[in-house]
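The values are calculated or read from the model by the stated rules, or taken from the named source; none is laboratory data. Computed from a predicted structure; not experimentally measured. Cβ: placed from backbone, ideal geometry, glycine included. Neighbour counts: every protein chain shown.
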Amino acid sequence: MRRKLAAGNWKMNGTTDALQEIAALGRAHPEAAAEVLICPPATLIAPAARTAGDGPIGIGGQDCHDEAEGAHTGDISAGMLADAGARAVILGHSERRAAHHERSEDVRAKARAAQAAGLMTIICLGESQLQREATNTLDIIGAQLSLSVPDGSTGENLVVAYEPIWAIGSGMTPTPDQIGEVHDFMRARLERRFGAGVGRSVRLLYGGSVKGENAGEIFAISNVDGALVGGASLTAGAFSPIISAL
Ligand code: PEP
């Protein structure tokens, strides 16, 4: 039985004032059956982890370097994220793939480093609007999945998030059939590569314009184990109904 997961990606939003949203979320879901994560900007990881304490909200990062230390100005290693109190890290988000030219091979190297540092990796995949119209979406997803996910991944250290680029922050979502098709495909690919035991234990998140209003319908789709949420994770008021729908 896979534990449901709602992960909030705050992107480059939030200063210390925003910590009150984490405290409020913890109060609203003191005994959440699902796992709840907030991934704030790097500057807030340590104070967010202190705010979350031993409560139900876990803290994650949004990226890490693939090396443990060294001459990489401005970068943060997986071990540093863990040291600051993170238990997870988002990798390969489409905004990083686009703005920082991250290839799936780079994502895999980062994921290997993060898993070695004891972090759960949330690896993001997704097609652009153009790719959906011009090619077979499953070919795109299949290639990203096989190249981005490191060997040796397990149900504990790997989560895969399907995030169609055209659905992120746009208010548009794929139909339930389109989401189900991709998630069933990813499940089959993971089972083929890692065996049924591991393949069935990896959680698959959907991401892209998830809100309180559509969360229930999305979570009812086969092989959807939760959501990666951007805009609607910034306040406890908006994120809470999504957590309740899990
Ligand atoms: C995201 O960027 O990971 C995301 C899912 O954003 P939003 O929920 O705002 O579409």
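Here are some notes:
- Checked against (1) away from the ligand (no atom under 14 Å from the Cβ); (2) of a type in the set (Lys, Arg); (3) modelled with pLDDT of 95 or more, ARG132 passes all but condition (3).
- Test: residue in the range 68-75 that is crowded, with 20+ Cβ neighbours inside 10 Å and among the charged types (D, E, K, R): no
- Any hit, the range 11-28, residues being within 16 Å of the ligand (Cβ to nearest atom), surrounded by 19 or more Cβ atoms within 10 Å (Cβ to Cβ), under 18 Å from the mean Cα position of the chain (by Cα) and among the polar types (S, T, N, Q): no
- Selection from the range 14-35 of residues that are modelled with pLDDT under 95 and more than 14 Å from ALA245 (Cα to Cα): PRO30, GLU31
- Every residue from the range 101-118 that is assigned to a helix (DSSP H, G or I) and hydrophobic (A, V, I, L, M, F, W, C): VAL107, ALA109, ALA111, ALA113, ALA114, ALA116
- Residues located in the range 179-203, provided they are of a type in the set (A, V, I, L, M, F, W, C) and closer than 13 Å to ILE141 by Cα: ILE179, VAL182, PHE185, MET186, ALA188, LEU190
- Count of residues meeting criterion [crowded, with 16+ Cβ neighbours inside 10 Å and basic (Lys, Arg)] in the range 29-55: 0
- Residue in the range 112-119 that is buried (at least 23 other Cβ atoms within 10 Å of the Cβ) and farther than 27 Å from GLY216 by Cβ present: yes
- Count of residues meeting criterion [more than 23 Å from SER240 (Cβ to Cβ) and either at pLDDT below 95 or of a type in the set (Val, Ile, Thr) (or both)] in the range 173-213: 4
- Residue ID - surrounded by the most Cβ atoms within 10 Å (Cβ to Cβ), chosen from residues in the range 85-102 that are closer than 13 Å to GLY118 by Cα and more than 15 Å from the ligand (Cβ to nearest atom): ALA86
- Pairs with Cβ under 9 Å, 6+ apart, first in the range 88-100 and without any contact (Cβ under 8 Å) to a residue 24 or more places away in the chain and under 16 Å from ALA6 (Cβ atoms), second in a strand (DSSP E or B) and away from the ligand (no atom under 12 Å from the Cβ): none
- Residue check, GLY74 touching a residue at least 40 places away in the same chain (Cβ under 8 Å) and either within 16 Å of the ligand (Cβ to nearest atom) or under 16 Å from MET12 (Cα atoms) (or both): no
- Residue check, GLY60 farther than 29 Å from HIS183 by Cβ, in contact (Cβ under 8 Å) with a residue 40 or more places away in the chain and in contact with a strand residue (DSSP E or B) (Cβ under 9 Å, 6 or more places away or on another chain): no
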